[in-house]
Every structure is written in C-alpha cells, then in structure tokens.
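Beneath this line is the structure, given in structure tokens, with notes to follow.
Every number in this text was worked out from the coordinates using simple rules, so none of it is lab data. All figures in this text were calculated on a predicted structure; none of them were measured in a lab. Glycine also receives a Cβ, built like all others from the backbone with ideal geometry; neighbour counts cover every protein chain displayed.
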Amino acid sequence: MTMSNLGEQFEVIPEIEALARKLHAQTLPEKKNKQRQQRFERDLEITSEAESNFEPDLMGDENQTIRQLNAAPDGQQPMCITFPNGETSYVLKTGLIHLLPTFHGLPTENPHKHLKEFHMVCLSTKPQGVSDDQIKLRAFSFSLADIAKDWLFDLPPNSVTTWTDMAKLFLDRFFPVTKASEIRRIIMSIQ
C-alpha cells in the first residue's frame, strides 16, 4: 500500500508546510557543515599520525621521483663508456642531437634500422679531424630513450671502449640471437 492509498486523507495546511520547509532549509546547511567539520578533524588526525611516523632522512629531497632518486648524480656521463682520446676535442652540437633518431627499446622497433639511421646522421655531421668512434660514442646516449636508456645506464663501468663494442652490446640486448633464429625459421618455413 502506498502513501497515497492509506485510506485517510490529510489536510495540508500551507503555513505549517511552509514553516517546515523553511526550518529544514535552515538546518540542512548546519548539518552539512557539521559533517564536513567532523570529516576534516578525522582527516587531520589521520594526517598527523602519518606525519609522526614519517622519517624524512630516508627519502632525501621530497620533490624527487623514485626514478630520479635511482638515477646517477647529475653531471656524470654513462659510466659504461670510456671515450677515446682524440687529437681533436669535440663537443656535440645541439643540431646533431636533434637530428638523431630515437630508439625506445620497444619490441616493435628495429635496432638494425636505428643503427643505420644513427650512422648516417653521425657521418653527415662529422667534423674534420674527429674519429667515427669519438662522435658515435658521444652521441649514442642521446639517441636512446626509456628502456633503452635505462639499459645503457645499467651497463658495467668502462665496459665500452669502441663503437664496435657498443653496437655489439646494443644488438645483443635488443636483437638477441633467439630473435634472429626465430626470423630465420619463419623464412625457411615459407619456402
């Protein structure tokens, strides 16, 4: 049975109805404010408990991300590369850095294509008196991003002394022998 079917008819008195609405409208914001105040006080208690358990010594600079905290200190070259001593000192130009292809280390990227494009850019902007190894080793870290750059920074210190070493390590990581064997197997099965 619904409210309209109670059987008895109630007479609505407009003055009482208006007064009830007015009182309800006045008390509603007060109730909401009281609830907000209680929530705020509860959150404040939780926050103060969390702050009392917080040890700032362990975190270091509070504005750094976990990736930044894990990274090497600023100003260091990738420690895996030992640059060759060239007769000419060479500084990378920003124009060269912007021309370099970017390799992210994704499974869909072709590392051979990246090395070819990288080689073309380095040779086209190579100054006179600078060796291929010198320019490629200095520029290579700028052509990597994301997973690939993390891989470079994780290489053991002084493990790369020539461009051939770097290219071999790069291909071993991003185009392993198993991948080459799989492609060879697929090609052989087509014939």
### Summary
Mean shadow area (nm²) of the C-alpha convex hull around the stretch 81-190 is 7.8
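Hey, what did the stretch 81-190 get for relative contact order, percent, Cα under 8 Å, at least 6 apart? Kindly include the intermediate steps, with their values, before the conclusion.
Details: 97 pairs, mean separation 41.2, N = 110.
Relative CO of the stretch 81-190 lands at 37 percent.
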### Task
Along Cα→Cβ, 7 Å out, is where each label goes; now give me the distance between the ones at THR27 and ARG39 in nm to one decimal.
2.1
### Query
What distance in nm separates the simple spin-label points at MET188 and LEU171, each placed 7 Å from Cα in the Cβ direction?
2.0
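Set the Förster distance to 22 Å, then compute FRET efficiency between MET120 and THR178 from the Cβ-Cβ distance, nearest 0.05. If you can, show how the numbers build up before the last one.
On the way: r = 28 Å, r/R0 = 1.29.
That gives a FRET efficiency of 0.20.
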#### Entry: Charge dipole (debye, nearest 20) of the stretch 81-190; +1 at Cβ of Lys and Arg, -1 at Cβ of Asp and Glu
260
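Could you sort the peptides 122-133, 32-43, 144-155 by per-residue average Cβ neighbour count (10 Å cutoff), highest mean leading? Mind showing how you got there, number by number?
Values: 122-133: 13.4, 32-43: 10.0, 144-155: 16.2.
With the highest mean Cβ count within 10 Å placed first, the list reads 144-155, 122-133, 32-43.
Could you work out how much longer the chain between THR65 and THR161 gets when fully extended? Use 0.36 nm per residue separation minus the Cα distance between them, nm to one decimal.
Extra length available between THR65 and THR161 comes to 31.4 nm.
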